[in-house]
1. Can you sort HIS67, HIS261, HIS136 so the residue with the fewest Cβ neighbours within 10 Å comes first?
2. Between CYS194 and LYS3, what FRET efficiency comes out of the Förster formula 1/(1 + (r/R0)^6) with R0 = 25 Å and r the beta carbon distance, rounded to 0.05?
3. Output the relative contact order of the chain, whole-number percent, from Cα pairs under 8 angstrom with separation of 6+ residues.
4. Which parts of the range 209-240 would a label at ALA248 reach, counting a residue when its backbone N lies under 19 Å from a point 7 Å out along Cα-to-Cβ?
5. Looking at the chain, identify the longest residue range that excludes and avoids all trypsin sites (Lys or Arg not before Pro) in DSSP loops having at most 16 other Cβ atoms within 10 Å.
6. Longer than 19 Å from Cα to Cα, which of LYS151/LYS228; LYS124/LYS165; LYS119/LYS165; LYS184/LYS231; LYS119/LYS155; LYS184/LYS228 are they? Say none if no pair is.
7. Please name which of SER252, GLY210, VAL230 has its Cα lying farthest along the dipole of the range 202-255 towards the positive end, using unit charges on Cβ (Lys, Arg +1; Asp, Glu -1) and the Cα centre as origin.
8. Using +1 at the Cβ of each Lys and Arg and -1 at the Cβ of each Asp and Glu in the range 33-132, identify which of MET84, PRO35, VAL102 lies farthest towards the dipole's positive end.
Amino acid sequence: MIKKMTITSIKKTKGVRPLVMITAYDALFARLVEPSSDMILVGDSLNMTFAGKDDTLSSTIEQMIYHTNAVCMGAKNSFVICDMPFGTYINKNTALLNAIKVFQETPADCIKIEGGEDKAEIIKHLCDNGIAVCGHIGLLPQAVRSEGGYKVKGKTDEEQLQLIKDAKAVENAGAFCMVIEGVKAEIAAEITKCVDIPVIGIGAGADVDGQVLVFSDMLGFYEEFTPKFVKKYLDGATLVKDAVKNYADEVSTKTFPKKEHTY
Ligand code: KIV
């Protein structure tokens, strides 16, 4: 049986081995990714990949709870992270009430919130009240509308200094690990060195404490756009389309079902 990671064992991997994180949104895929991952992230990216929206901003706490429960059912031995959607952690009290709702209505092991220094007080309040928190700094998908697009961070001295402040603030507030997204590799490496908790990169180069990818990107199911940082480990879209075409052809020509598929 797979040994489930804990906050303690996750922290202990720092400097020892890289962590593997992948997103999943349903029980079926969670079961498939469980054997090879340390942590499963139920990302609010599900609003794009699952619900077909243009960004993550309209996902709701109810959706996150529904999908987190599905993932936990499929991957009972996985450390599961529930992403807090846009608008659900605008202040300490709102954040705590919503995080408690997640903890009471799902078996999620922790929640993830986007933001650095500006969210430190909220992270501390959550941690002080028994909620384990994974931070998320750098490119923040929930800021896509306010920033007018997805912007790689760490290109200027000012941004680099802010990223370091963000990472330290997230750590000092009590987060046990953090995601760093869309950041120049050199600065992500520097940040990884200046905090004692694991830093999991996505589009942040190799010199971090682990990697996270969205499953539909890495398995090639999302055809519309492939970000530079994504490696496709499978051509899922082609495989699915070919298989469905095959099925359709066989239905049309009445070569399916055969005797062995018939009662
Ligand atoms: O929502 C998500 O899938 C994420 C990853 C991009 C880290 O936050």
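What follows is calculated from the coordinates using simple rules that are stated; it is not laboratory data. Quick caveat, the model's predicted, so the values are computed rather than measured. Virtual Cβ from ideal backbone geometry, glycine too; neighbours counted across all protein chains shown.
1. Lowest to highest Cβ neighbour count: HIS261, HIS67, HIS136.
2. The value I calculate is 0.25.
3. 16 percent
4. Under 19 Å, as judged by backbone N against the label point of ALA248, lie 221-224, 236-240 of the range 209-240.
5. The answer is 77-150.
6. Over 19 Å Cα-Cα: LYS119/LYS155.
7. About the Cα centre, the residue reaching furthest to the positive side is SER252.
8. Projecting each Cα onto the dipole axis, the largest value belongs to VAL102.
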